[in-house]
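Report on the following structure.
Readers should treat all values here as calculations from the given coordinates under stated rules, not as data from a laboratory. These numbers were taken from a predicted model, which means no experiment stands behind them. Heads up, the Cβs are rebuilt from the backbone with ideal geometry, glycines too, and the neighbour counts pull from every protein chain shown.
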There are 2 protein chains.
Amino acid sequence: MVFPFLHKLKDKRIVLASSSPRRKEILSNLGLNFDVVPSKFPETLDKSKYSPLNYVIANATEKGLEVYKRLLEEGQKIDLIIAADTVVVFDGEILEKPKDEKDALNVLQKLNGNSHYVYTGIALIYPKIESGYSISTLIENTEVVFRKNSEEDFLAYIDTGEPMDKAGSYGIQALGSFFIEKINGCYYNVVGLPTSVFKRIEQLVKNNEI
Amino acid sequence: MVFPFLHKLKDKRIVLASSSPRRKEILSNLGLNFDVVPSKFPETLDKSKYSPLNYVIANATEKGLEVYKRLLEEGQKIDLIIAADTVVVFDGEILEKPKDEKDALNVLQKLNGNSHYVYTGIALIYPKIESGYSISTLIENTEVVFRKNSEEDFLAYIDTGEPMDKAGSYGIQALGSFFIEKINGCYYNVVGLPTSVFKRIEQLVKNNEI
């Protein structure tokens, strides 16, 4: 528990509403104590009705509320829910996980030599002193620039299987880093959880909101 | 061995001339096989005589040549030496590792709310077909922007000891990430080894230089 605001959280029940091992790792690295309760909210929001920005905020909020309400119904103590949603956006369009290997190649060729954007929406949900709850949201946006890569290298990458469960068909932390020339923004945002979430939690603690 | 050019390197003796565990990890993650032989070149180049850019290139080259010549004298086979030097630059000045905790706080306060730059110079050294050696160098430059952080948080960070062996008094991979708002450039460059080194090695392989 390095940073002073973390001491004030040591008796609080904090829940990460995500099953992502990468998000868990980022939160743990900075010394936060928390439980993981993945959200059961089905990701069924109609992407065509939202800008990418509003989509990630809406999705993070729904994911967080599902966990918050479920745990309350079970009579559990909750002081803070952290929910997140990350999308990869190229040319204004949200990129999904690839359907198959051909689709993965297609997506990687689109990104090749170009910029795209990674948006993460964060929803922090915490009980109000009187009753009900408050939601504090934030958004982080990182530009990712691909080098001009060869089809040969993309095919070798697809053969590893790494792209198949990744939105945008690449992961920045491992082999996918080979394709990236530079980023502009928060690195951890691309991994799935921007470090600005800690600053926001610090603020909430300092304002005695949690 | 994921990327096709790596197959052509599988019988080559590649040596990383650095003891940095972070550089070793980045090279390993991308599937390169190599040995580690830390350079014994004393870092005694007079910083005042070089721009940061020329300093990291000169230092990387000297580190690499020291290992190259030493291993040749021992009769060892060498196909490629990878040497690197990273510096943190604020306001045109190279920041060293902090002398003590007071100095670390001083440096962190300088960086606070501001941009600084991380330069890595890379020297790739490989034998020429006829005789002697070639040196291929590259430089990567990443801008790092600190949030406006509190002295309280800096003091807590210094207490962990993490800043004490780090140029610029912070490490981006662990707790230091708390202070960073964004970067502009290659993330792995800030960790100590830009991924562009792989693209350069790929080029050398394709040109049959190594």
Considering only the label points, 7 Å along Cα→Cβ from Cα, what distances in nm to one decimal separate B:ARG200 from the same position in each other copy, shortest first?
3.9
Among A:THR137, A:MET164, A:LEU111 the positive-end extreme of the charge dipole of segment A:63-210 (Cβ point charges)
A:THR137
Here are some pairs, B:LYS10/B:LYS206; A:LYS12/A:LYS69; A:LYS77/A:LYS199; A:LYS49/A:LYS199; A:LYS182/B:LYS97; which of them have Cα atoms lying more than 21 Å apart in this structure?
A:LYS77/A:LYS199; A:LYS49/A:LYS199; A:LYS182/B:LYS97
Rg over Rh of segment B:113-210, using C-alpha atoms and the Kirkwood radius, what does it come to?
1.15
The helix B:196-206 Cα axis meets the longest alpha-carbon principal axis of chain B at an angle in degrees, between 0 and 90 and rounded to 10, of 10
Averaged over all viewing directions, the convex hull of the alpha carbons in segment A:4-206 casts a projected area in nm² of 11.9
Pairs of Cα atoms farther than 20 Å apart, segment A:1-106, %
51
Taking R0 as 56 Å, what FRET efficiency do you get between A:ARG200 and B:ARG13 from their Cβ-Cβ distance, rounded to the nearest 0.05?
0.65
Quick numbers on the protein assembly as shown, Rg and Dmax over C-alpha atoms in Å, give 23.3, 82
Length gain on complete extension for the stretch A:LEU72 to A:SER20, per 0.36 nm per residue less the alpha carbon to alpha carbon distance?
16.5 nm
In nm², what is the average projected area of the convex hull enclosing the Cα atoms of segment B:46-152?
8.7
By DSSP, what percent of the beta bridges with both residues in the protein assembly as shown are antiparallel, rounded to the nearest 5?
85
Using only Cα atoms, find the angle between the long axis of helix B:101-111 and the longest principal axis of chain B, and express it within 0 to 90 degrees, rounded to the nearest 10.
90
Using unit Cβ charges (K, R positive; D, E negative) and no other charged atoms, how large, in debye to the nearest 20, is the dipole of the protein assembly as shown about its Cα centre?
120
Counting helices only, and only those DSSP H runs with n ≥ 4, report the 222 nm mean residue ellipticity of chain A as the sum of -39,500 (n - 2.57) divided by its residues, in deg cm²/dmol to the nearest 500.
-10000 deg cm²/dmol
Note the distances from B:LYS49 to each other copy's matching label point, with points 7 Å along the Cα-to-beta-carbon direction, in nm, sorted shortest first.
7.0
Put a point 7 Å out from Cα along the line to Cβ at B:LYS128; what are the distances to that point in the other copies, in nm, shortest first?
7.7
Just to check I understand the Karplus step: with θ = phi - 60° and J = 6.51 cos²θ - 1.76 cosθ + 1.60, what whole-Hz values come out for segment A:136-145, glycine and proline as x?
10, 10, 8, 10, 10, 9, 10, 7, 10, 10
Can you spot the lysines whose alpha carbon is less than 21 Å from B:LYS102's alpha carbon? Ignore those fewer than 8 places along the same chain.
B:LYS110, B:LYS148, B:LYS166
Using only the alpha-carbon atoms, how far is helix A:52-73 inclined from the longest principal axis of chain A? Give it as 0 to 90 degrees, nearest 10.
40
Any idea how far the Cα center of segment A:4-37 sits from the one of segment B:159-210, in Å?
26
